[in-house]
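Single-structure report; data block below.
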Amino acid sequence: MQTSIDGIRIAYTDEGQGLPPLLFVHGFPLSRGAWQNQVMAFAPTHRVLAPDLRGLGDSGASAGPTSMARFAEDLAALLRELRVGPVVLVGHSMGGYVALAFQEGFSERLCGLVLVGTRAGADNPETAAKRRASAEKVGAEGIGFIVADMAPKMLAADNLDENSAQQVRALMAPSSVQGVASALLGMADRPDATPGLGQIRVPTLVITGAQDTVIPPNESELLAQAIPGAQLELIPHAGHLVAFEQPAAFNRCLAAWLTRVDPGRNG
Ligand code: MLT
């Protein structure tokens, strides 16, 4: 399905019925297909939404940096349009940065938060500079080098066969040059979300792949320590793309935690 938000085409999956609704937000430079195993598993019992963030997957791009707050506004506008909420927002990696921006701006639309392979801190100056250089290179050369560099890092060494790597590349391939550059610039500029963690009032689950080398598990430990009442789950034999690599373990963990969520209580 698709709609127009702020003049930009936003493509999304909307399946199933049941509370609480689950809003799955993918990472960079991925697309909503990264959640295919979760859509299948949860649509029989929940309304499941999974958009492509602007500029990524099949969604249209906008010029200039896309801030995490802008991505969050897009999500809030989508929920308003579809008259859905409050939701459990499940954000992976950059989707987790967006989830924390959403929690800052739209906590009334949340009844639970799931932070997957992500962190609260901002980029250090060196990382931010690398992202800005990559954004320029994407403009000149296209997204091929980003896909080639990032796809293998998404998976734990044990799960890195050619077929899986090809599937991950396919989740990245539709993203546009403008969209990838804009997201890189937005991530480079993003603020430190750590000060807001203590204010989170909704049940929170933090999940990490035990072998995540992109955002190592200690970042998830820090998140879980800082968020009141947060539950931390470490999934073995998984890297950065934990929900894709170990869907059964991930879905079991999410389903068990969902019993703690009151769909009528927002943050
Ligand atoms: C992601 O998976 O979304 C990215 O690795 C996040 C990042 O580059 O910080």
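Values quoted throughout were computed directly from the atomic coordinates according to the rules given, and no laboratory measurement underlies them. Remember, it's a predicted structure, so these values are computed and weren't measured experimentally. Methodologically, a virtual Cβ is constructed for each residue, glycine included, from the backbone with ideal geometry; neighbour enumeration extends over all protein chains shown.
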* Asked: Counting other Cβ atoms within 10 Å of each Cβ, which trypsin sites (Lys or Arg not before Pro) in the range 20-99 have at most 10 and sit in a DSSP loop?
  -> ARG83
* If we count every other residue with Cβ under 12 angstrom of LEU19's Cβ, Lys/Arg +1 and Asp/Glu -1, where does the sum land? -> +1
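Roughly what % antiparallel, to the nearest 5, for the DSSP beta bridges in the chain? Kindly include the intermediate steps, with their values, before the conclusion.
Details: 8 of 29 bridges.
Beta bridges within the chain, antiparallel portion: roughly 30 percent.
Shape of the range 67-154 from its Cα gyration tensor (a ≥ b ≥ c, root eigenvalues): rounded if a/c is under 1.5, otherwise prolate when a/b > b/c, or oblate?
Working: a/c = 2.21, a/b = 2.00, b/c = 1.11.
It comes out prolate by the Cα gyration axes.
Nearest 0.05, what FRET efficiency do GLU126 and ARG252 give at R0 = 41 Å with Cβ-Cβ as r? Don't skip to the answer; put the middle values down first.
On the way: r = 38 Å, r/R0 = 0.93.
Efficiency, from the Cβ-Cβ distance: 0.60.
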* Structure fact -> Counting Lys and Arg as +1 and Asp and Glu as -1 over every other residue whose Cβ sits under 9 Å from the Cβ of HIS237, the net charge comes to -2
* **MRE, 222 nm, helices only [DSSP H, n ≥ 4, -39500 (n - 2.57), over the chain, to nearest 500]** => -13000 deg cm²/dmol
